[in-house]
Amino acid sequence: MSADQPCSCRRRVMTALSCARCNKPICPDCSVITVSGQFCRACSKGGGLALLQPEPRHLAAAAGACLAAGLAGGWLLTVVFNRFGMFRIWGAFLYGLLVAEAALRASGRKRGLKMEILVGLFAAFGILVPQLINIMSAGELGIVDALLILFQNFWDMLLLGVAVVSAVARIRNL
């Protein structure tokens, strides 16, 4: 800043300093000195990164992309490639990455806890729905009986776990 402006603190001291992140005028008493520069108290606390706080429109776009990628990939993994045995574990890993990447691209690369929960839920949803439909269409079972059969199958639960962990890990460790 070239001209002195009043600090945003209660004393309203004239200052030429500004926060390195938000560019708000700060006096030397209010500033927090870090390796990256001088910040105001709000910016120095962290957690305010816009990348880690997706807006509702970002979450809605990510949910739509996850739903499409999850159902298509889940159907391929559980119905089409059902006879590939243990190689389906690799497929579940890649499926989780696909769901997470769809969410990242649709949301503008937003991350954070909300996005991790969203991709984890949709990765599980994309695997469970085709399997439930497949089980229910094979016999005259209700949804509760189909869920019991599904949750008793070790390999299906392993696929579900690998897919959810890989999707959440992709968002978390980007």
Select from 116, 101, 55 the residue whose mean-square fluctuation is largest in a Gaussian network model of the chain (Cα-Cα springs shorter than 10 Å). 55
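Only four residue types carry charge here, +1 at the Cβ of Lys and Arg and -1 at the Cβ of Asp and Glu. Report the dipole size of the stretch 103-174 about the Cα centre in Debye, rounded to the nearest 20.
Approximately 760 debye in magnitude.
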Summing -39500 (n - 2.57) over every DSSP H run of at least 4 in the chain, dividing by its residue total and rounding to the nearest 500, the 222 nm mean residue ellipticity is -19000 deg cm²/dmol
What residues have an amide H closer than 5 Å to that of residue 18, excluding those fewer than 5 places away on the same chain, when H is modeled at 1.01 Å from N in the peptide plane? 26
Identify, among 56, 100, 23, the residue whose Cα sits farthest towards the positive end of the charge dipole of the chain, taking +1 on the Cβ of Lys and Arg and -1 on the Cβ of Asp and Glu, with the dipole about the Cα centre. 23
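Multiplying the sequence separation of residue 173 and residue 125 by 0.36 nm and subtracting their Cα-Cα distance, what value in nm do you get? Let's see the in-between values first.
Details: separation 48, 0.36 × 48 = 17.28 nm, distance 2.21 nm.
Computed gain between residue 173 and residue 125 is 15.1 nm.
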First measure r as the distance between the Cβ atoms of residue 141 and residue 79, then evaluate 1/(1 + (r/R0)^6) with R0 = 25 Å and state the FRET efficiency to the nearest 0.05. 0.90
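Magnitude of the Cβ-charge dipole of the chain, K/R +1 and D/E -1, about the Cα centre, nearest 20 debye?
Numbers: 17 positive and 8 negative charges, 192 e Å.
The calculated dipole for the chain is roughly 920 debye.
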Computed FRET value (nearest 0.05) for residue 33 with residue 152, which takes r as the C-beta separation and R₀ as 45 Å: 0.15
Let me spell out the model: positive unit charges on the Cβ of Lys and Arg, negative unit charges on the Cβ of Asp and Glu, origin at the Cα centre of the stretch 68-119. What dipole size does that give, in debye rounded to 20? 120
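Summing +1 for each Lys or Arg and -1 for each Asp or Glu, what net charge is found among the other residues whose Cβ lies under 11 Å from the Cβ of residue 58? Please report the intermediate quantities before stating the final value.
Details: positive: 57, 109, 110, 111, 114; negative: 55.
In short, +4.
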Run the accessible area of the chain with a 1.4 Å probe and give the carbon-and-sulfur part as a rounded percent. 65
State in Å² the accessible area per residue of the stretch 48-87; use a 1.4 Å probe, count heavy atoms of protein chains only, and round to the nearest integer. 63
Considering the alpha-carbon set of the chain alone, what are its Rg and its Dmax in angstrom? 24.0, 78
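The values are calculated or read from the model by the stated rules, or taken from the named source; none is laboratory data. Bear in mind the structure is a predicted one, so any value in this text is a computation, not a measurement. Here the Cβ is made from the backbone with ideal geometry for all residues, glycine too, and neighbour counts use every protein chain on show. To get the accessible areas, we keep the full protein, side chains included, count just its heavy atoms, and leave off ligands, DNA and RNA. Shrake-Rupley method; radii C 1.70, N 1.55, O 1.52, S 1.80 Å.
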